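Peer 1: The following block contains the structure, expressed as structure tokens.
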Amino acid sequence: MVLEQTITWHLACNTEDIPADGGACALIEGEQVAIYNFARRGEWYATQNLCPHRQQMALSRGMIGSTGAEAEPKVACPFHKKTFSLKSGECLSGDDYVIKTYPIKVENGQIFIGME
Amino acid sequence: MKKKIVVVGNGMVGYKFCEKLIAKDIAKKFEIIVFGEEIRPAYDRVHLSEYFAGKTVEDLTMAPTSWYAENDINLILSDPIVDIDREAKTVRSHHGLVKGYDYLVMATGSGAFVPPIPGVEKDGVFVYRTIEDLDLMQNHAKKATKGAVIGGGLLGLEAAKALLDLGLKEVHVIEFASRLMPRQIDEAGSRVLQAKLETLGLQIHLNKNTQEIVGDGIIEAMQFADGSRLDVDMLVISAGIKPRDEVAKVAGLEVGIRGGIVVNNALQTSDPNIFAIGECALAHHMIYGLVAPGYEMAEVVATKIIGGEKEFMPFDMSTKLKLIGVDVASFGDAFIQEPNAQTIVFENSAKGIYKRINISNDGKYLLGGVLVGDAEQYNMLLQNTKNKTILPADPEDLMLGARGGSEGGASGVMALPDEALICSCEAVTKGGICHEIIENKVTTLDGIKKCTKAGTGCGGCVPMVKDLINETMKSQGVFVRNILCEHFDYTRQELFDLVKIKGYKTYNDVLDHLGKGDGCEVCKPAVASIIASLWNEMILEKGNATVQDSNDRFLANIQKNGTYSVVPRIPGGEITPEKLIVIGQVALKYNLYTKITGGQRIDLFGAHVSDLPEIWEELVNAGFESGHAYGKSLRTVKSCVGSTWCRFGVQDAVSFAIEVEERYRGLRSPHKLKSAVSGCTRECAEAQSKDFGIIATEKGWNLYVCGNGGVKPRHAELLATDIDSATCLQYIDRFLMFYIKTAEPLTRTAPWLDKMEGGINYLKSVVIDDVLGMGETWDAEMNLLVEAYKCEWKEVVENPELRKRFTHFVNAPKVKDPNAKFEPMREMVKAAEWK
């Protein structure tokens with residue numbers, strides 16, 4: 001990937017810190033990053049923790065899941081159930097918000113978040 | 001070479017024209033340039049007052065600027081058109097931009113009409129048209145206490161609502177005429193509306209002519225022609241609208257004497273290449289000041305430009321709106337009277353309800369009418385008027401609703417002809433909606449909204465659209481199954497039975513065996529609730545924590561700034577002084593805002609997620625347990641003090657309330673459960689508004705079920721009379737098990753009973769006569785659940801693994817969320833207002 005050359009990887013936490021099929025928030029370089037352990041599919045995702053709708057730091061506490069024929073992975077904000085794609089960050093429930101997504105990798109039981 | 005369309009004005013109608021043209025212009029033959037005067041793209045002006053009730057600019061925006069870009073529309077904001085050169089076919093903007101056009105669409109809308117009263121220029125005097133006006137009002141209102149509105153019409157009353165929302169202590173409405181809303185409703189209706197609004201805190205002054213606005217630079221008072229004077233520090237002028245026709249006038253287009261750009265049935269102005277739509281257009285000698293005809297005009301011009309044929313015909317001006325919570329509607333010919341028609345009037349001044357229908361002299365057709373205070377029948381009445389439906393023998397049934405019988409509103413929808421206009425904002429007919437349901441298998445409200453746009457305007461037709469979907473599917477022989485979501489092809493009841501038979505105890509087991517995909521925020525909490533209802537195990541274990549709704553996952557209620565509230569159980573509302581002191585000490589230590597709840601408990605707000613285990617450790621050590629305020633489960637059993645102290649009490653209400661609360665605490669159900677016990681018929685505990693309520697009699701207890709406060713208040717119905725305590729608990733056991741087994745997710749007991757065939761009589765036969773033969777099974781199941789109860793918070797406090805999950809930052813467990821902000825309020829704190 002071209003991206004990997006321009007980003008810095010930051011250690012976030014250990015894999016067991018993030019509950020299976022759920023999320024938790026890590027503080028990295030002053031940013032609140034929501035990290036999701038999509039254990040059913042063996043996938044990991046990271047997005048901003050802020051829900052753009054009411055500016056609440058809550059996405060890491062939301063329920064994750066998938067939608068549609070392509071099984072797009074998503075998270076639902078616990079406040080008003082706005083849902084966002086974990087891949088593209090796009091709002092899937094009809095609003096025009098887009099949230100930031102971060103590159104994520106797991107090595108030796110440790111989770112790293114990529115930042116530019 | 002593309003043809004150029006310049007749209008002057010970016011309001012609701014100007015936006016709608018773009019939307020419609022884009023949809024029709026498949027060959028992309030047109031280039032669109034839009035000039036807007038305001039700094040932001042078109043927003044929903046109809047719901048402007050909701051800005052003060054919490055809606056944001058984004059919520060109100062029709063489409064973001066990215067939408068215009070995606071559709072190749074050149075949107076130029078903050079730059080009104082100041083000149084049209086009809087010879088050269090160009091327009092010039094305020095900033096000097098010159099653009100050529102093939103077609104020019106004037107959608108300049110209207111401005112507030114400000115009468116020439118001396119002093120209107122003073123500070124504190126506002127008009128109510130744009131978001132900027134609202135921001136200015138909001139600023140000024142912070143230091144104002146007494147406000148007034150000039151104008152008692154529709155817009156004036158909207159503005160008065162805005163002043164109430166802004167928190168002004170006194171709000172006055174000043175009307176020049178002798179009554180409110182003279183254009184829409186008749187005199188008797190005005191009277192009822194006025195009385196109702198006065199009870200809601202508005203002070204209404206009729207026959208008042210404002211002579212001068214007094215004050216030294218800033219408004220201090222209003223002086224009236226009759227010599228009287230009113231001290232105010234804020235004034236909104238909402239005396240009417242004036243079409244924005246000034247540019248058209250300068251360009252030599254024909255305008256009306258009292259304003260408005262004159263157009264023909266094709267909405268062409270006196271220059272055939274220039275159209276006018278919306279509130280700036282004078283069509284059929286009138287200004288159409290509603291959004292629905294504006295949208296129809298947009299449709300006509302878009303069709304015409306694309307090469308089709310369509311004319312704008314005189315448009316129905318029926319309206320229904322909610323003014324300060326009061327329904328007001330008028331439809332068809334609202335004012336026609338004898339000898340040209342017969343009228344039927346219903347008035348209940350105690351409730352503030354007035355209804356009038358006008359029917360043809362032969363008694364066959366509905367011609368129009370007025371509704372104040374209750375407009376539930378508006379949609380059906382309007383449809384009957386428009387479609388000239390032959391009236392039933394007792395036409396008053398249409399206005400009052402059929403009494404005594406069980407005839408629902410749904411059969412009414414199916415009786416309408418296909419041409420019946422269901423959504424007047426978007427001009428969608430019944431036939432159009434049914435076509436999507438039958439031919440394209442669109443069977444959800446969201447789906448219908450997407451493909452027809454019905455229900456996306458004012459939203460008033462949404463209940464009819466829902467009825468149409470259900471009834472059409474039934475008529476197609478489709479058995480309507482409310483399946484859980486895309487991941488489970490089962491109804492909740494089917495899933496409940498399957499999970500029980502198979503003995504599944506985790507969400508993943510259920511999904512693997514009975515569902516597909518990865519689950520979502522709909523099925524996860526629903527399945528979690530079923531598992532909890534069946535087995536009553538700790539909800540945060542076995543990997544079930546992440547399928548709980550946020551409140552259940554953290555065993556607390558999330559609040560506006562991301563902190564949580566803590567509610568210890570106080571059974572029956574009885575609490576010792578020692579325990580009260582502990583609550584006070586905990587609140588002081590963690591800086592929590594404390595409030596007595598509606599259910600006789602104490603709520604502690606503003607707890608950081610990382611403080612929750614410590615807070616609960618102290619509470620548990622003092623003998624408290626979880627109050628389950630976060631769960632879809634039993635909340636409280638309220639009680640009055642009963643026969644132990646009260647001189648009227650006939651039974652010990654508090655002791656029984658504690659027994660009931662301790663029996664059902666922690667019981668997970670499809671929705672929350674509330675209960676109460678009153679010690680005598682005076683009913684101080686308000687048991688008849690609860691899911692199950694108990695009222696003492698001389699001989700024992702009366703048991704009421706399926707009451708509700710909330711959005712749709714409803715009195716509970718009497719299930720059993722004069723029963724002893726043991727029988728009462730047995731009936732409640734069976735009632736609750738039946739509800740838990742059969743209700744849809746998130747359905748309270750009241751709507752559950754509403755949907756039950758046979759209603760309360762059937763429920764009685766199940767609970768008391770045991771017609772299903774389930775009584776003993778349910779008794780045993782409930783006893784198991786009661787025995788399995790454990791306090792969730794005690795378990796977390798004692799389990800280091802579970803405690804670890806209560807942090808905001810996994811990599812910095814001691815750090816609290818810096819975004820959780822508080823503001824001082826009286827002697828305590830409140831959550832910072834969200835944006």
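The values are calculated or read from the model by the stated rules, or taken from the named source; none is laboratory data. None of the values given here were measured: they were computed from a predicted structure. Glycine gets a Cβ as well: all are built from the backbone with ideal geometry, and neighbour counts include every protein chain shown. Note: accessible area is taken over every heavy atom of the protein model, side chains too, but ligands, DNA and RNA are not part of it. Shrake-Rupley method; radii C 1.70, N 1.55, O 1.52, S 1.80 Å.
Peer 1: Taking the Cβ-Cβ separation of A:ALA20 and B:GLU798 as r and a Förster radius of 30 Å, what is the calculated FRET efficiency to the nearest 0.05?
Peer 2: Here the calculated transfer efficiency is 0.85.
Peer 1: On the protein heavy atoms, probe 1.4 angstrom, tell me the percent of accessible surface of region A:3-115 carried by carbon and sulfur.
Peer 2: So the carbon and sulfur contribution to the accessible surface is 43 percent.
Peer 1: Quick one: which of B:LYS441/B:LYS474; B:LYS2/B:LYS249; B:LYS4/B:LYS89; B:LYS632/B:LYS674; B:LYS24/B:LYS386 span more than 20 angstrom between C-alpha atoms? Kindly include the intermediate steps, with their values, before the conclusion.
Peer 2: Values: B:LYS441/B:LYS474 13 Å; B:LYS2/B:LYS249 29 Å; B:LYS4/B:LYS89 10 Å; B:LYS632/B:LYS674 10 Å; B:LYS24/B:LYS386 28 Å.
Beyond 20 Å between Cα atoms: B:LYS2/B:LYS249; B:LYS24/B:LYS386.
Peer 1: Right, next: Subtract the Cα-Cα distance of B:ALA726 and B:THR697 from 0.36 nm times their separation in residues, and report this length gain in nm to one decimal.
Peer 2: Full extension from B:ALA726 to B:THR697 adds 8.9 nm.
Peer 1: Moving on to the next point. For chain B, take the longest principal axis of its alpha carbons; what is the angle in degrees between that and the long axis of helix B:725-742, to the nearest 10 within 0 to 90?
Peer 2: The helix B:725-742 is inclined about 50 degrees to chain B.
Peer 1: Sticking with this one: Ignoring ligands, DNA and RNA, what percent of the 1.4 Å accessible area of chain B is carbon and sulfur?
Peer 2: The C+S portion of the solvent-accessible surface of chain B is 51 percent.
Peer 1: Rank these by accessible area, largest first, 1.4 Å probe: B:GLU347, A:GLU31.
Peer 2: Result of the area sort, largest leading: B:GLU347, A:GLU31.
Peer 1: Another question, then. Just need the relative contact order of chain A here, percent rounded to a whole number, with Cα pairs under 8 Å and 6+ apart. Display every interim value, and only then the final one.
Peer 2: Working: 250 pairs, mean separation 30.1, N = 116.
Reported as a whole number, the value is 26 percent.
Peer 1: If you don't mind, another one. Given Cβ point charges of +1 (Lys, Arg) and -1 (Asp, Glu) and nothing else, what value in debye, to the nearest 20, does the dipole of chain B about its Cα centre take?
Peer 2: 700
Peer 1: Ok, one more. Go through the cysteines of chain A and tell me which have no other cysteine Cβ under 4.7 Å away.
Peer 2: Result for chain A is A:CYS13, A:CYS25, A:CYS91, no neighbouring Cys Cβ within the cutoff.
Peer 1: Can you check what the net charge comes to around B:SER675, using other residues whose Cβ is under 14 Å from the Cβ of B:SER675 (Lys, Arg +1; Asp, Glu -1)?
Peer 2: My count for the surroundings of B:SER675 gives +3.
Peer 1: Separate question: If Lys and Arg each add +1 and Asp and Glu each add -1, what is the summed charge of the other residues whose beta carbon sits under 11 Å from the beta carbon of B:ASP72?
Peer 2: -1
Peer 1: Still on this structure, I have one more. Between B:THR199 and B:TYR789, with labels modelled 7 Å along Cα→Cβ, what's the label distance in nm to one decimal, could you check?
Peer 2: 4.1
Peer 1: Provide the per residue accessible area, probe 1.4 Å, for region B:183-251, rounded to a whole number of square angstrom. Please report the intermediate quantities before stating the final value.
Peer 2: Details: 3340 Å² over 69 residues.
Normalised by residue count, the accessible surface of region B:183-251 is 48 Å².
Peer 1: Nearest 100 Å² is fine: how much accessible area is buried between B and A, summed over both sides, with a 1.4 Å probe?
Peer 2: Roughly 3400 Å².
Peer 1: Classify region B:408-475: rounded, prolate or oblate, from the alpha-carbon gyration tensor (a ≥ b ≥ c, eigenvalue square roots; a/c under 1.5 rounded; otherwise prolate if a/b is larger than b/c)?
Peer 2: Rounded shape, in that the Cα axes give a/c under 1.5.
Peer 1: So what does the Cα-only Debye profile of the protein assembly as shown read at q = 0.09 Å⁻¹, as log10 I(q)/I(0), no solvent term?
Peer 2: -1.23
Peer 1: Size of the dipole of region B:129-249 about the Cα centre, Lys and Arg at +1 and Asp and Glu at -1 on the beta carbon, nothing else charged, in debye to 20?
Peer 2: Once rounded to the nearest 20, the dipole reads 260 debye.
Peer 1: Positive end of the dipole of the protein assembly as shown, charges at C-beta (+1 Lys, Arg; -1 Asp, Glu), about the Cα centre: which of B:GLY562, B:LEU612, B:VAL105 has its Cα farthest in that direction?
Peer 2: B:VAL105
Peer 1: Could you report the accessible area of B:LEU588 in Å², rounded to 10, computed with a 1.4 Å probe on the protein chains as they sit in the structure?
Peer 2: In the full protein context, B:LEU588 sits at about 150 Å².
Peer 1: Would you work out if region A:3-115 is rounded, prolate or oblate? Take a ≥ b ≥ c from the square roots of the eigenvalues of the alpha-carbon gyration tensor; rounded if a/c is under 1.5, else prolate when a/b is larger than b/c, oblate otherwise.
Peer 2: It comes out prolate by the Cα gyration axes.
Peer 1: Return the residues of region B:772-821 for which accessible area with all protein chains present is lower than in the chain on its own by 40 Å² or more; set the probe to 1.4 Å and exclude ligands, DNA and RNA.
Peer 2: B:ARG805, B:HIS808, B:PHE809, B:VAL810, B:ASN811, B:ASN819
Peer 1: Can you run phi through the Karplus equation (6.51, -1.76, 1.60; θ = phi - 60°) for region B:635-646 and list ³J(HN,Hα) in whole Hz, with x for Gly and Pro?
Peer 2: Running phi through 6.51 cos²θ - 1.76 cosθ + 1.60 with θ = phi - 60° gives 8, 10, 10, 5, 8, 9, 6, x, 6, 5, 10, 6 Hz.
Peer 1: Count the net charge of all other residues whose Cβ sits under 10 Å from the Cβ of B:GLY332, scoring Lys and Arg as +1 and Asp and Glu as -1. Don't jump to the answer; show the numbers that get you there.
Peer 2: Numbers: positive: B:LYS386; negative: B:ASP316, B:ASP333.
Cβ neighbours under 10 Å give a net charge of -1.
Peer 1: How much accessible area per residue does region B:465-541 have, in Å², with a 1.4 Å probe? Could the numbers behind the result be given before it?
Peer 2: Details: 3330 Å² over 77 residues.
Each residue of region B:465-541 exposes 43 Å² on average to a 1.4 Å probe.
Peer 1: Follow-up. Note down the relative contact order for chain B as a percent, whole number, built from C-alpha pairs under 8 angstrom at least six residues apart.
Peer 2: 7
Peer 1: Could you tell me the relative contact order of region B:198-257? Use alpha-carbon pairs under 8 Å, at least six residues apart, and round to a whole percent.
Peer 2: Reported relative contact order: 18 percent.
Peer 1: Exceeding 30 Å between C-alpha atoms, which entries from my cross-link table qualify? They are B:LYS16/B:LYS830; B:LYS595/B:LYS814; B:LYS638/B:LYS764; B:LYS320/B:LYS450.
Peer 2: Violating the 30 Å limit, Cα to Cα: B:LYS16/B:LYS830.
Peer 1: Tell me what chain B gives for mean residue ellipticity at 222 nm when only DSSP H runs of n ≥ 4 count, each as -39,500 (n - 2.57), the sum divided by the residue total, rounded to 500 deg cm²/dmol. Can you show the working numbers first?
Peer 2: Values: 27 runs with 260 residues, N = 835.
Value at 222 nm, helices only, nearest 500: -9000 deg cm²/dmol.
Peer 1: So what are the ³J(HN,Hα) numbers for region B:364-370, from phi and the Karplus equation (6.51, -1.76, 1.60; θ = phi - 60°), rounded to whole Hz, Gly and Pro as x?
Peer 2: 8, 10, 8, 9, x, x, 9
Peer 1: Heavy atoms only, 1.4 Å probe, whole protein assembly: order B:GLU212, B:GLU625 by accessible area, highest first.
Peer 2: Values: B:GLU212 85, B:GLU625 40 Å².
Largest to smallest exposure gives the sequence B:GLU212, B:GLU625.
Peer 1: What residue among B:VAL82, B:ILE422, B:TYR128 has its Cα farthest toward the positive end of the dipole of the protein assembly as shown, where the charges are +1 on Lys, Arg and -1 on Asp, Glu, each on the Cβ?
Peer 2: B:VAL82
Peer 1: Name the residues of region A:73-91, by number, that are at least 30 Å² less accessible with every protein chain in place than in the isolated chain; the surface is that of heavy atoms, probe 1.4 Å, without ligands or nucleic acids.
Peer 2: Buried on complex formation: A:LYS74, A:PRO78, A:PHE79, A:LYS81.
Peer 1: Across region B:671-684, in residue order, what do the Karplus-derived ³J(HN,Hα) couplings come to in whole Hz, using 6.51 cos²θ - 1.76 cosθ + 1.60 with θ = phi - 60° and x for Gly and Pro?
Peer 2: Going residue by residue, I get 8, 5, 10, 10, 9, 7, 10, 10, x, 7, 5, 5, 6, 5 Hz, with x marking Gly and Pro.
Peer 1: If you place +1 on the Cβ of every Lys and Arg, -1 on the Cβ of every Asp and Glu, and leave all else neutral, what size is the dipole of region B:492-548 about its Cα centre, to the nearest 20 Debye?
Peer 2: Dipole of region B:492-548, to the nearest 20 debye: 80 debye.
Peer 1: With a ≥ b ≥ c taken as the square roots of the eigenvalues of the C-alpha gyration tensor of region B:492-548, please select rounded if a/c is under 1.5 and otherwise prolate if a/b is larger than b/c or oblate if it is not? Walk me through the intermediate numbers first.
Peer 2: Values: a/c = 1.44, a/b = 1.02, b/c = 1.41.
It is rounded, given that a/c, with a ≥ b ≥ c, falls under 1.5.
Peer 1: Along the positive direction of the dipole of chain B (beta-carbon charges: Lys, Arg +1; Asp, Glu -1; about the Cα centre), which of B:TYR354, B:ILE602, B:GLY775 reaches farthest?
Peer 2: Selected residue: B:ILE602.
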